[in-house]
Amino acid sequence: MGEGKKTDALEDKVCQGSDSDPLKKRTPIIEVKNLYKIYKVGETKVYALGGVDFTMYRGEFCAIVGPSGSGKSTLLNMLAGLEKPSKGEIVIDKVHIEKMKENELVAFRRKRVGFIFQSYNLLKTLNAVENVALPLSFRGMPRKKRNEIARKYLKLVGLEKQMDHMANAMSGGQQQRVGIARALAVKPRIIFADEPTGNLDSKTTMEILKLMRKIVREQEQTLVMVTHDNHLASYADRQFHIVDGKIFKIEECHHHQEEEIEG
Amino acid sequence: MRTALTVLGVIIGVASVVIMVSLGIGLNQLMLEMYSSYGDMTTISIFSNARYSDSGSDSDPMYLTDEVMEQFKHLDHVTGVSPMLSCYALFKQGVYETSIDITGVSQEYLEKIPLGQGQAPKEGDPMKLIYGNSVIQWFRNSKTGKGYWDTMELPDVDFMDKPMFVIFDMDAYYQSQGGGENAPKPPKKYMVETAGVVEGGVDDYNSYAYSVYTEIEGLKAQLKKIFKKKPIPNQPTNKKGKPYPYFIYDNAVVFVDDMANVTEVQKVINDMGYQANSQMEWIEQSQQTYDIIQLVLGGIGAISLFVAAIGIANTMMMSIYERTKEIGVIKVLGCDMGNIRNMFLMESGFIGFLGGVIGLMISFGVSYAMNNFLGLGQAMMGVEGDISRIPLWLAASGVVFAVFVGMAAGFFPSLRAMKLSPLAAIRNE
Ligand SMILES: Nc1ncnc2c1ncn2[C@@H]1O[C@H](COP(=O)(O)OP(=O)(O)OP(=O)(O)O)[C@@H](O)[C@H]1O
Ligand SMILES: [Mg+2]
């Protein structure tokens with residue numbers, strides 16, 4: 001983390017063990033109640049998640065932190081409706097998603113959710129603009145309009161010059177920027193990111209992280225990011241620490257806005 | 001590459017189905033052509049059982065008379081009727097002569113005869129004759145007694161430009177030829193004009209080739225004039241041995257509007273008590289045989305198309321397996337499940353379409369080669385004609401079927417793609 005020193009100034013923040021902020025009136029966007037995920041491996045049951053309760057609010061940047069195998073990805077996938085919970089409730093934007101059928105979940109993701117992958121998952125046969133425009137096409141937007149929007153978001157993530165590059169003719173950092181632009185282009189309420197910087201070097205990691213935080217702040221979106229790195233998690237508004245499928249603690253951090261944006 | 005091989009499989013499948021079916025159609029139509037060369041397929045020939053075997057009953061036998069013709073004419077689907085009356089006569093031109101039947105038929109029948117030379121007589125014309133294209137073979141030289149069959153040289157007979165003399169009263173003629181001093185004078189010769197000669201060379205067979213035709217009313221008038229009170233030869237007599245006051249025909253033909261109705265009309269006439277025959281009986285029988293042949297041929301082709309379908313299914317499975325991650329990604333991004341399924345259905349349908357179109361083109365090529373270079377039609381049926389025929393409906397249904405097979409083969413793989421878990425996209429390898 002040699003490069004990390006430059007950003008030390010950013011870590012001038014206050015972290016508290018509480019999860020309430022009486023100063024702001026916040027609207028809940030994700031409510032999780034008593035959530036369980038149990039995998040059956042042969043005869044034995046694996047409790048990937050063993051009873052989780054929490055609420056995430058509109059415009060918040062939440063990090064889910066924990067050691068490997070603690071159930072972070074499992075939780076995120078269930079929040080995004082990619083996996084069914086074994087027990088419990090997930091309410092997103094006042095809608096229960098645990099009861100939805102698969103095609104309803106697809107429609108739900110299309111309307112409200114953006115997703116950023118660890119391995120970028122751009123479609124190799126498409127160029128940057130087409131990749132970003134892809135989720136818009138699932139909404140039935142005409143090509144001209146969606147390409148226009150895609151270009152706008154690519155500019156936002158600083159890829160003016162690489163617009164027409166094919167997906168695999170770009171560096172990892174560039175690909176992840178395309179991935180971010182793709183998640184943002186649909187203007188989702190919530191963006192899920194599972195180790196979005198897992199495959200990037202630390203300098204690029206910082207750039208990407210700040211970019212995500214900046215854009216999400218500007219657009220009042222909720223960002224839920226999974227990471228196993230405590231340092232990265234400290235950039236979030238709140239950190240949800242998970243150990244062995246249970247919430248261990250929720251940490252709240254107050255950052256100084258000006259410095260963050262400078263960085 | 002894999003897709004190309006799959007398409008190749010479909011090409012072979014479609015081509016074999018189309019070629020096999022085209023052979024079936026070709027054989028069937030060759031057979032129809034063969035029968036139609038024997039005679040018009042929409043005509044029914046009618047005989048009276050009573051004509052030769054006089055029954056002992058009191059009522060008049062069921063002769064074919066003008067009255068009966070009138071009945072036939074009013075049957076459903078019947079467009080025309082022609083009685084047929086033949087009389088044996090001697091033809092003479094120069095040294096050449098022969099005795100053959102003149103067949104009297106209706107004006108309508110005459111007009112159906114395809115002529116190579118001359119024109120069918122018009123209504124009301126004096127008696128004119130139409131000669132079959134092979135009739136010339138019957139003539140023999142009366143001096144040498146040798147004919148075409150002895151010398152293999154065509155007699156020098158000209159129907160169109162030289163006059164032909166005809167003797168109708170054969171009994172009288174034989175008596176006069178009988179020799180002796182009190183032999184009667186030979187009967188009167190009539191010069192009869194020629195209307196035309198049937199289309200085709202001397203050796204080309206058709207149903208008119210060996211006959212001589214004339215308009216029946218003219219023939220009847222002629223016979224009455226010649227025989228006057230004498231009984232006309234070949235006309236039956238009643239119980240008292242007297243001729244009937246009207247003509248009784250040897251047989252008759254009925255023209256039907258469509259091949260499909262021939263069997264029906266034939267049955268009605270049979271039920272009336274006459275003996276009706278048509279080409280349709282034979283055709284229907286052989287049609288059944290050819291239907292089976294076609295089924296077998298089509299089945300052979302279908303097997304290769306089935307193999308191609310398995311190939312498509314396999315390719316689709318592989319392609320879905322390879323794209324598991326992509327499918328997962330677009331599912332996470334909110335692509336409708338139906339869209340994913342349709343995407344793969346379209347792809348397999350397109351493989352089918354491509355294979356169908358190329359397969360069809362190859363079929364046309366093979367079919368052309370079989371028809372033009374192999375002469376299979378001649379070898380198998382003894383008839384000249386295309387053995388492989390690809391009608392428009394076969395071409396169209398070949399392609400449609402290929403698309404259908406492609407989509408059917410892609411159906412289960414595409415369902416699988418649709419149901420793939422989006423988690424596959426997130427898992428890192
Ligand atoms: N499909 C599955 N079948 C059985 N067990 C599973 C399955 N998926 C996850 N698990 C188990 O659930 C637990 C949580 O897994 P999860 O992937 O959520 O961990 P994680 O916190 O994301 O770890 P990492 O940081 O390594 O990605 C693990 O013990 C894992 O073995
Ligand atoms: Mg994980």
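For this structure, a couple of remarks:
- Cα-projected label distance for residue B:76 with residue B:229, points at 7 Å along beta-carbon direction, nm: 5.1
- Contact order, relative form, for segment B:43-257: 34 percent (alpha carbon pairs under 8 Å, 6 or more residues apart, mean separation divided by residue count).
- Subset of B:122/B:143; A:87/A:210; A:145/B:325; A:40/A:249; B:128/B:185 violating a 30 Å alpha-carbon distance limit: B:122/B:143; A:87/A:210
- Here the simple spin-label model places points 7 Å from the Cα toward Cβ, and for residue A:144 and residue A:217 these points are separated by 3.8 nm.
- Zero-based 10 Å bins, Cα pair distances in segment B:104-152, whole percents: 21, 39, 24, 17, 0
- Remark on segment A:3-252: ratio of C-alpha radius of gyration to 2.2 N^0.38 Å is 1.01.
- For chain B, with +1 on Lys and Arg beta carbons and -1 on Asp and Glu, the positive-most of B:151, B:87, B:72 along the dipole: B:72
- Taking every residue in B:325-332 and counting other chain Cβ atoms within 10 Å of its Cβ, the average works out to 6.
- Within chain A, no whole DSSP H helix has Cα atoms reaching 27 Å or more along its own axis together with a mean Kyte-Doolittle score of at least 0.0.
- Angle in degrees between helix B:392-419 and the longest Cα principal axis of chain B, rounded to the nearest 10: 20
- Simple rule: put +1 on each Lys or Arg Cβ and -1 on each Asp or Glu Cβ in segment B:43-257, find the dipole, and look at B:48, B:236, B:209; the Cα lying farthest toward the positive end is B:236.
- Karplus 3J(HN,Hα) series, Hz, for segment B:95-107 with 6.51 cos²θ - 1.76 cosθ + 1.60 (x for Gly, Pro): 7, 8, 8, 7, 10, 8, 6, 9, 9, x, 9, 6, 4
- Where only DSSP H runs of four or more residues are counted, chain B gives -16000 deg cm²/dmol as its mean residue ellipticity at 222 nm, each run worth -39500 (n - 2.57).
- Karplus 3J(HN,Hα) series, Hz, for segment B:237-250 with 6.51 cos²θ - 1.76 cosθ + 1.60 (x for Gly, Pro): 10, 7, 4, 8, x, 9, x, 6, x, 10, 7, 10, 8, 5
- Label point 7 Å beyond Cα of residue B:189 along Cβ direction - residues of segment B:136-165 with amide nitrogen under 13 Å: B:142-143, B:163-165
- With respect to chain B, whose longest principal axis is taken over its alpha-carbon atoms, helix B:2-38 is tilted by about 10°.
- With 0.36 nm allotted per residue and the present C-alpha distance subtracted, the residue B:99-residue B:271 stretch has 58.2 nm of extension available.
- About the Cα centre, charge dipole magnitude for the protein assembly as shown (Lys/Arg +1, Asp/Glu -1 at Cβ), debye: 2980
- Measuring r between the beta carbons of residue B:307 and residue B:36 and using R0 = 51 Å, the FRET efficiency lands at 0.85.
- Fraction of the pair-distance distribution of chain B above 43 Å, Cα-Cα pairs, percent: 42
- Beta bridges from DSSP with both residues in the protein assembly as shown: antiparallel share about 75 percent, rounded to the nearest 5.
- Cα long-axis angle, helix B:279-322 against chain B (0 to 90 degrees, to the nearest 10): 10
- Peptide packing: for A:186-198, B:395-407, the average count of neighbouring Cβ atoms within 10 Å per residue gives the ranking A:186-198, B:395-407, highest mean first.
- Just so you know, the Cα atoms of segment B:111-213 work out to an Rg and Dmax of 15.8, 48 Å.
- One decimal place: the segment residue A:36-residue A:229 gains 67.1 nm when fully extended, by the rule 0.36 nm per residue minus the C-alpha distance.
- Straight Cα distances below 13 angstrom link residue B:267 to the aspartates and glutamates B:76, B:281, with same-chain residues fewer than 8 positions distant left out.
- If you plug the beta carbon distance of residue B:261 and residue B:317 into 1/(1 + (r/R0)^6) with R0 = 45 Å, you get a FRET efficiency near 0.25.
- Efficiency of FRET between residue B:240 and residue B:342 - r from beta-carbon atoms, R0 60 angstrom, step 0.05: 0.10
- Ranking B:192, B:160, B:295 by Cα position along the charge dipole of the protein assembly as shown, where only Lys, Arg, Asp and Glu carry charges on their C-beta atoms, puts B:295 farthest toward the positive end.
Since every read-out is calculated from the coordinates, none of them should be taken as a lab result. Please read these numbers as outputs of a predicted model, since none were measured by experiment. FYI the Cβ positions are ideal-geometry reconstructions off the backbone, even for glycines, and counts take in every protein chain you see.
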